[in-house]
1. Considering the chain as a Gaussian network with a 10 Å cut-off on Cα pairs, which listed residue, Asp151, Asp235, Asp19, attains the greatest mean-square fluctuation?
2. So which GluC sites (Glu not before Pro) in the stretch 171-210 pass both tests, a DSSP loop state and at most 16 other Cβ atoms within 10 Å of the Cβ?
3. Applying a 10 Å radius around every beta-carbon, put 354-361, 294-301, 25-32 in order of their mean neighbour count, most first.
4. Which is farthest toward the positive dipole end of the chain among Ile260, Val9, Gln355, measuring Cα position about the Cα centre, with Cβ charges +1 (Lys, Arg) and -1 (Asp, Glu)?
5. Treat every Asp and Glu Cβ in the chain as -1 and every Lys and Arg Cβ as +1, leave all other atoms uncharged, and give the resulting dipole magnitude about the Cα centre to the nearest 20 debye.
6. As a check on your grasp of the helix formula, calculate [θ] at 222 nm for the chain: sum -39500 (n - 2.57) over DSSP H runs of n ≥ 4, divide by the residue count, round to the nearest 500.
7. Under a cut-off of 13 Å between alpha-carbon atoms, report the aspartates and glutamates in cross-link reach of Lys43, not counting same-chain residues fewer than 8 places apart.
8. Under the definition of Cα pairs under 8 Å and six or more residues apart, what whole-number percent is the relative contact order of the chain?
Amino acid sequence: MSKRDYYEVLGISKGASDDEIKKAFRRKAIELHPDKEGGDEAKFKEVNEAYEVLKDSQKRQRYDQFGHAGVGGASGGGNPFAGFGGQGQNVNFDFGDMGGFGDIFGSFFGGGGQQRQSRPKRGRDVEMALELDFEEAVFGVETEVKLNLNDTCEHCKGKTVEPGHQMKKCDTCKGSGQEVRVAKTIFGNIQQAVTCQTCRGKGEIPEKDCSVCGATGVQRKDKNVKIKIPAGIDDGAVIRLREYGEATANGNKGDLYVNIRVKPHKEFTREGLLILSSVHIDMVDAALGTETEINTVDGPVKMKVPAGTQSGTDFKLSGHGVPHLKSDKRGSHIVTVEVDTPVKLNKQQKELLEQFKNSDKKRGLFR
Ligand SMILES: [Zn+2]
Ligand SMILES: [Zn+2]
């Protein structure tokens, strides 16, 4: 029996656009679905087969040029789902970009197309907070954190099979990795292939389950992780360590996210690369000028305070600030000078200040 023309099967013209092909397929698939009243399995398979070829621009080109011979006459065989993506893949109606319909349809199938995953799953990401001292954030630090997480099973190395044993074909899905389920939809009952629960889509299961992890491939354990904190990191930064998260038997490990918190310092505050602090000097030193010692993250540094310094004046100590994260430059330390006024004067001191005051009748010394 000769095959019908694929365009004819879908009821479209040879020049149909990809969108028209999808729409036609969707219409026909719903109309002919074998699990629905009035459905027709043979025609349904035919529609799927036609769609398989025409949705793929390369196959379509070969078909246009050579006819059925050009595309190997892909036959549905006994599997009603062969047309939906061939072996080893889940049902793929490919309605993703068909406006609202894709969403509605997706929801019948257990949630927005998630059923079609054939990609390897990742392990769970792990998040943690790490508190640093002010200086640790400024200069960087290598630290070790303790995590309790699902890590690769040491006994089976994540392979799920007891060492010395092999994997065998899954009995439930006969190695296909898929199980057929029936979903009730507004179009009637629709069969769908879902990931086999026994083998989780792998098509094979352990001859003997790993005696330590029970074939999950993972085991809960305490794990110490060394983390190198770069100099210059600030409060609120997040460090991501790829594949330091939880393990899974089905794919890569998740990531570890380290949320950095920097403890406040008793003397210093920070604004980006600047470190800020203040120093108190008395009125006389401010007037006459002095040299004072300033605490910096590098230790005490001497600083000249010129005569006539006003309270609130900022002085800059270059190179004593925070290192730039991506270069060897450093910011500055800014010192704000606070001038203290004497509070308890004895009689003699008061007289001296009176004399001083009288020496400057016009108060011109204070600007
Ligand atoms: Zn194991
Ligand atoms: Zn299976």
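The values are calculated or read from the model by the stated rules, or taken from the named source; none is laboratory data. Everything numeric here is computed off the predicted structure, so don't read it as measured data. Ideal geometry is used to build each Cβ from the backbone, glycine not excepted, and the neighbour counts take in all protein chains shown. Accessible surface areas use protein heavy atoms only, side chains included; no ligands, DNA or RNA. Shrake-Rupley method; radii C 1.70, N 1.55, O 1.52, S 1.80 Å.
1. Highest fluctuation of the listed residues: Asp19.
2. Answer by residue number: Glu207.
3. Working: 354-361: 9.2, 294-301: 15.4, 25-32: 18.9.
Put in order of decreasing packing, that is 25-32, 294-301, 354-361.
4. In the chain, that residue is Val9.
5. Rounded to the nearest 20 debye, it is 320 debye.
6. Working: 8 runs with 77 residues, N = 367.
-6000 deg cm²/dmol, from helical runs alone.
7. Hits, sequence-local ones excluded: Asp5, Glu8, Glu31, Asp35.
8. In percent, rounded to a whole number, it is 14.
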